[in-house]
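In what follows, a structure is listed as structure tokens, so that the remarks can point back to it.
The values are calculated or read from the model by the stated rules, or taken from the named source; none is laboratory data. Small disclaimer: the values here were computed from a predicted structure and weren't measured. Virtual Cβ from ideal backbone geometry, glycine too; neighbours counted across all protein chains shown. Remember, those area values only see protein heavy atoms, side chains included, never the ligands or the DNA or RNA. Shrake-Rupley method; radii C 1.70, N 1.55, O 1.52, S 1.80 Å.
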Amino acid sequence: MPASLAQRPDRTASLGFGILSTGSIANHFAEQVKGSATLHVAAVASRTQAAAAAFAEKHGIAHAHGSYAALLEDESVQVVYIGLPNSLHTEWCLRALEAGKHVLCEKPLTGSPQEARLIHQTAQRLGLHVAEAYPYRAQPQTVEMLRLLESGELGRPLSIQASFGFKLENQDDIRLDPALAGGALMDAGAYPLSLVRAIAGAYPEQVQAFKRQGPRGTDTAVIANLAFRGGLMAQISCSFHAAAHRYAVIACEGGVIETTYSNSTPGNQPATLRIKRGSGFGASVETVSLPAVDAFRVEAESFVEQVLTGKPWIGVSSHESVDVAALLEHIAKVAVDVDGRSFG
């Protein structure tokens, strides 16, 4: 393994991130981490030198590379942030780890539990850190929601409904490309699945699902029912057809939580949780306002702290990543296709 600062980082230094991709998610990341005291974007790579140079100029990045492999050789990079299409995640996670770099990879880490395990096992073997990025997990809204559920104040969660969807009008969008592991389930569905897995703390015992198939062969809407040991049942949905929505309702024995589990809010306006305490229809409902943060930066800083000190990071665990990958694969296999010609 190449000698790398990633293996023995200076705890007083700002860690250098290298971004693989110049797409929209990479732009969000580069913009939000500006000003961090513990990390900086040292390099960016694209398939062409021109695209990398334009991205670097836009965000004030010192090094621009015309290939992903070149970035892995850049000694100013200790952590690789992967914002590539889904189908490229496994290859470049493994290549970055073998190059001695820590890895923060955008969701979904992969749609295969075997590949997810291989990624995490490779990181463990090399003494490096790898994590799957879900910015909503860094929002105080989500942190408080999980704290409240874990406290037992509302009793056991019994049902979860979690959805995420938006209209994807451009039929040439890479998120519809089967060759790039596109589809609503892989793109939007990973979010509600990760939320359900975080709350359930386990893999479901039973799964059933329906999907609509788009003209390019990828699913464009999916709904799945999940049944867990202990009585918890969940339903997740994702869509490229519906008006933008991102919402979850968690019904417990003694109360209900409603959340948008957002990555971000417009202008970082406060996010809210609606909390019903009590089991009756007349129980009071309170709206708790929580500050919104630059979630890409908070999760990246938490990852840096894990690299430097070993402190568990704010996001999903390796076990959650493997389970979500397994669920993505499982749902894709069992989903029954319904007539989607009206959405073609």
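With the simple spin-label model, which puts each label point 7 Å out from Cα in the Cβ direction, the V143 to Q114 separation comes to 3.9 nm.
Determine the share of the stretch 242-344's accessible area contributed by carbon and sulfur atoms, expressed in whole percent, with a 1.4 angstrom probe.
Numbers: 2780 of 5070 Å².
Ligands and nucleic acids excluded, carbon and sulfur give 55 percent.
Panel note: the C-alpha atoms of the stretch 231-344, placed on their principal axes, show extents of 50, 43, 35 Å (largest first). Projecting label points 7 angstrom from Cα along Cα→Cβ for E98 and N225 puts them 4.5 nm apart.
Counting only the backbone N, which residues of the stretch 135-154 are under 20 Å from the spot 7 Å out from the Cα of R277 toward its beta-carbon? Inside the label zone: 141-154.
For the pair E150 and E253, the difference between a 0.36 nm per residue extended length and the Cα-Cα distance amounts to 35.7 nm. The long axis of helix 49-59 is offset from the longest Cα principal axis of the chain by roughly 70 degrees.
Where both bridge residues fall in the chain, DSSP classifies roughly 55% of the beta bridges as antiparallel. Calculated [222 nm] ellipticity per residue, helices only, for the chain: -9500 deg cm²/dmol; basis is -39500 (n - 2.57) per DSSP H run with n ≥ 4, divided by all residues, nearest 500. The dipole here belongs to the chain: it is taken about the Cα centre, uses +1 on the Cβ of Lys and Arg and -1 on the Cβ of Asp and Glu, and is about 380 debye. In the chain, a dipole from Cβ-located charges (positive for Lys and Arg, negative for Asp and Glu) runs towards its positive end, and of S21, V207, A179 it is V207 whose Cα lies farthest in that direction.
Surface calculation, 1.4 Å probe, protein heavy atoms: E305 sits at approximately 80 Å² accessible.
Send over a whole-number figure in Å² for the accessible area per residue of the chain, probe 1.4 Å.
Details: 14950 Å² over 344 residues.
For the chain, the per-residue accessible area is 43 Å².
Over the stretch 130-211, what percent of the accessible surface lies on carbon and sulfur atoms, probe 1.4 Å?
The computed percentage sits at 48.
The protection proxy used here, the mean number of other Cβ atoms lying within 10 Å of each residue, ranks peptides 190-197, 275-282 as follows, highest first: 190-197, 275-282.
Angle of helix 140-151 to the longest C-alpha principal axis of the chain, folded into 0 to 90 degrees and rounded to 10: 50°.
To the nearest 20 debye, what is the magnitude of the charge dipole of the stretch 208-336 about its Cα centre, counting +1 on the Cβ of each Lys and Arg and -1 on the Cβ of each Asp and Glu? Please report the intermediate quantities before stating the final value.
Values: 11 positive and 11 negative charges, 86 e Å.
Dipole size: approximately 420 debye.
If you take all other residues with their beta carbon under 10 Å from the beta carbon of A188, and give Lys and Arg +1 and Asp and Glu -1, the sum is +1.
If a spin label sat at a point 7 angstrom from the Cα of L158 along the line to its beta carbon, the backbone N atoms of the stretch 235-269 nearer than 18 Å would be those of 235, 249-258. Within the accessible area of the stretch 60-104, the carbon and sulfur atoms contribute 50%, probe 1.4 Å, all protein chains present.
Could you give the size of the charge dipole of the stretch 1-122 about its Cα centre, using +1 on the Cβ of each K and R and -1 on the Cβ of each D and E, expressed in debye and rounded to the nearest 20?
On the way: 9 positive and 10 negative charges, 40 e Å.
I would put it at about 200 debye.
Against the criterion of solvent-accessible heavy-atom surface with a 1.4 angstrom probe, I250, I223 sort, most first, into I223, I250. The C-alpha atoms of the chain define a longest principal axis, and helix 190-200 lies at about 60 degrees to it. Across the alpha-carbon set of the stretch 1-148, the Rg to Rh ratio works out to 0.96, Rh being the Kirkwood radius. On a per residue basis, the convex hull of the C-alpha atoms belonging to the chain measures out at 138 Å³.
Available extension along the chain between T309 and S14 is 104.8 nm, counting 0.36 nm per residue and deducting the alpha carbon span.
Calculate, in nm to one decimal, what A62 and D337 gain on full extension: separation in residues at 0.36 nm each, minus their alpha carbon distance.
On the way: separation 275, 0.36 × 275 = 99.00 nm, distance 4.82 nm.
94.2 nm is the gain from fully extending A62 to D337.
Among residues other than V298 with Cβ under 11 Å from its Cβ, the summed charge is -2 (Lys and Arg +1, Asp and Glu -1).
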